[in-house]
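K.L.:
Before we start, here is the structure in question, set down as structure tokens.
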Amino acid sequence: MFYLPIVLMILATTLYHLAQKSVPTQVNPDVLAGNELHHRHDRHISPDPSLPAAYGRILVLRNVNWASCAVGISIVGVELAVLLAYRTGWKISLVSVIGNTASALLLVGIGLLFFHEHLSVKSLAGVALCLVGLALITQH
């Protein structure tokens, strides 16, 4: 039970990055923050002033895909994981370091396998240092 919040944090942080990478470039970042719909609704305008406000909201959401929803879900997952980690006794100095480093290492593997990314020698050295750091910081 002690490690469950950290596992949740690693998975939610990894999902967050994968989802952000998959958000279509046509989606206005304000939509993901909820600002676009709020502002357009308050002013009762659409992106095209000749269109009704409701149609404008549909246009704003037209390019939103699964990734846009996954961003929100992953943010909630990270926040819940951090809260649970502190409630189960994790130290404030370790939660972020362990969770984010482990997620970064997982994302390196995902980037190599699924996105056909390549690592330079310098990046590989950084990955090795992350692994050593994670091993040192998690030793009892």
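K.L.:
Extending each Cα 7 Å along its Cβ direction at Val132 and Ile110, get the distance between those two points in nm, one decimal.
P.N.:
2.7 nm
K.L.:
If you rank Lys122, Lys91 by fewest surrounding Cβ atoms within 10 Å, what's the result? Kindly include the intermediate steps, with their values, before the conclusion.
P.N.:
On the way: Lys122 7, Lys91 10.
Ascending number of Cβ neighbours within 10 Å: Lys122, Lys91.
K.L.:
Just want the ordering: Leu131, Leu84, from fewest to most Cβ atoms lying within 10 Å of their own Cβ. Walk me through the numbers on the way to the answer.
P.N.:
Values: Leu131 13, Leu84 16.
Placing the least packed residue first, the sequence is Leu131, Leu84.
K.L.:
Between Tyr3 and Ile75, what is the spin-label point distance in nm, taking each point 7 Å from the Cα along the Cα→C-beta axis?
P.N.:
In this crude label model, Tyr3 to Ile75 measures out at 3.1 nm.
K.L.:
Sorted from fewest to most neighbouring beta carbons within 10 Å, what does the list Ser68, Ser123, Ser93 look like? Kindly include the intermediate steps, with their values, before the conclusion.
P.N.:
Working: Ser68 18, Ser123 12, Ser93 9.
Exposure proxy ranking, most exposed first: Ser93, Ser123, Ser68.
Every number in this text was worked out from the coordinates using simple rules, so none of it is lab data. All values reported here derive from a predicted model rather than from experimental measurement. Neighbour counts are summed over all protein chains in view; Cβ atoms, including those assigned to glycine, are modelled from backbone coordinates with ideal geometry.
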